[in-house]
Amino acid sequence: MKRTVFILGQVECWNLIYDLGGMGLSEIPTKLLKNVLKKISLNYGGRLFKLWIVNAPSSVSVSWKIVSAFLDDVTVNKVKIVKKNTDKSIFEICDPSQVEEKYGGTQANRTQFW
């Protein structure tokens with residue numbers, strides 16, 4: 001299994017793919033997400049470069065349009081919400097070898113997590 005290695009001595013930004021798997025707005029684990037995002041913000045603030053939310057239902061897209069109106073452009077431009085699990089814009093930033101196959105890359109799909 002290949003592992004991603006950070007470059008020692010370099011500041012690295014994160015590109016994240018969050019797969020909603022077709023969940024409805026009420027099925028999203030918001031409490032868990034808030035806790036995770038809080039910890040990431042406290043420990044790794046300013047590291048997010050781009051977040052793709054894939055397999056998003058229309059309700060999430062509509063909600064994001066409303067919420068994003070109150071956010072600054074820098075934050076809004078970091079988030080992209082798409083209905084499919086593959087989005088070619090990922091490969092403008094990420095090498096296909098760093099993206100799992102189910103998202104259109106060449107990295108083997110993860111089946112086991114820490």
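The values are calculated or read from the model by the stated rules, or taken from the named source; none is laboratory data. No experiment lies behind these values; they were computed from the predicted model shown. Cβ coordinates were reconstructed from backbone atoms using ideal geometry, including for glycine residues, and neighbour counts include every protein chain displayed. These accessible areas exclude ligands, DNA and RNA; they are computed on the full protein's heavy atoms, side chains included. Shrake-Rupley method; radii C 1.70, N 1.55, O 1.52, S 1.80 Å.
The sole residue among Ile28, Ile40, Ile90 that is hydrophobic (A, V, I, L, M, F, W, C), at pLDDT 85 or above and at negative phi is Ile90.
Name every residue in segment 66-109 that is among the basic types (Lys, Arg) and either more than 26 Å from Gly24 (Cβ to Cβ) or loosely packed, with under 10 Cβ neighbours inside 10 Å (or both), in order of residue number. Within segment 66-109, just Lys88 meets the criteria. Within segment 46-87, the only residue that satisfies the criterion of being on the phi > 0 side of the Ramachandran plot and either in contact (Cβ under 8 Å) with a residue 40 or more places away in the chain or among the small types (Gly, Ala, Ser) (or both) is Gly46.
Listed by first and then second residue, the pairs with beta-carbon distance under 8 Å, at least 6 apart or on different chains, first residue in segment 16-45 and open to solvent by 100 Å² or more (accessible area, probe 1.4 Å) and among the hydroxyl-bearing types (Ser, Thr, Tyr), second modelled with pLDDT of 80 or more and not in a helix (DSSP H, G or I), are Tyr44/Trp14.
Quick one: which helices (runs of 4 or more DSSP H) lie wholly within segment 5-95 and hold at least 1 residues that are touching an Asp or Glu at 6+ places or on another chain (Cβ under 7 Å)? Result: empty, no element qualifies.
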